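Asker: The structure is given below, and queries will be raised subsequently.
The values are calculated or read from the model by the stated rules, or taken from the named source; none is laboratory data. Just so it is clear, the structure is predicted and the values come from calculations on it, not from any experiment. Ideal geometry is used to build each Cβ from the backbone, glycine not excepted, and the neighbour counts take in all protein chains shown. Accessible surface areas use protein heavy atoms only, side chains included; no ligands, DNA or RNA. Shrake-Rupley method; radii C 1.70, N 1.55, O 1.52, S 1.80 Å.
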Amino acid sequence: MKRKDLLFYILLLLISIPVSAGWQRPVTNYTRHTYKAGNQNWSIQQHDNGWIYVANNKGLLEFDGVEWNTYPIHNAKTRAVKVGHDGRIYIGGMGQFGYFCPSPLGGLDYTCLSDSLPSTVSVGIIWNILSDKNRICFQSDRRFFCLENGKISQIDVFSD
């Protein structure tokens, strides 16, 4: 056997050996029947405590590794979620945005920030949430809404 042929067969053997990453954990898929919410999940974040938060058509999903909880938001399908440096879970969606904080009785309480805007301001759809040290910005299809020092300001991207 020629040296080239031997090299070819060794390379062929190396290529055909299955390669797997032994460090990867198995992936678990959860159906909407398991987490008992909408069929569309848009954004996902992990809190410092290890819990997972998901923006879902039915509201905010919370997963602690064992149990799923759903926190609906009145008349709004959610599209974006962000865990802030302050531990709040900021959420936005169709026509509104706000945040969740732990309640004294367990679970989460929602505070709607967009309700404090003038009625002439159209929120649109919040697609992304950006976090800085002291500021949270909700990016909609028309403008940015920034929460800083308890006050909301807006930056128009497109005119109405």
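Each row is one residue, and each column tells you yes or no for (1) surrounded by 18 or more Cβ atoms within 10 Å (Cβ to Cβ); (2) within 18 Å of the chain's Cα centre (by Cα).
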residue	(1), (2)
ILE91	yes, yes
GLY106	no, no
CYS112	no, yes
VAL121	no, no
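Asker: What number of residues within segment 123-135 are open to solvent by less than 30 Å² (accessible area, probe 1.4 Å) and either under 19 Å from ASP86 (Cα atoms) or hydrophobic (A, V, I, L, M, F, W, C) (or both)?
Answerer: 3
Asker: Hey, another quick one. If I filter segment 139-149 for residues that are within 20 Å of the chain's Cα centre (by Cα), under 16 Å from GLY87 (Cα atoms), open to solvent by 60 Å² or more (accessible area, probe 1.4 Å) and among the aliphatic types (A, V, I, L, M), do I get at least one hit?
Answerer: No; the residues of segment 139-149 include none that is within 20 Å of the chain's Cα centre (by Cα), under 16 Å from GLY87 (Cα atoms), open to solvent by 60 Å² or more (accessible area, probe 1.4 Å) and among the aliphatic types (A, V, I, L, M).
Asker: How do the pairs read when you match residues in segment 25-40 that are at pLDDT 85 or above with residues anywhere that are of a type outside the set (S, T, N, Q) and open to solvent by 100 Å² or more (accessible area, probe 1.4 Å), using Cβ under 8 Å and keeping only pairs 6 or more apart or on different chains?
Answerer: What qualifies is ALA37/LYS58; GLY38/ARG32; GLY38/LYS58; ASN39/ARG32.
Asker: Tell me yes or no: at least one residue of segment 40-62 is on the phi > 0 side of the Ramachandran plot, open to solvent by 40 Å² or more (accessible area, probe 1.4 Å) and not hydrophobic (A, V, I, L, M, F, W, C).
Answerer: Scanning segment 40-62, I find no residue that is on the phi > 0 side of the Ramachandran plot, open to solvent by 40 Å² or more (accessible area, probe 1.4 Å) and not hydrophobic (A, V, I, L, M, F, W, C), so the answer is no.
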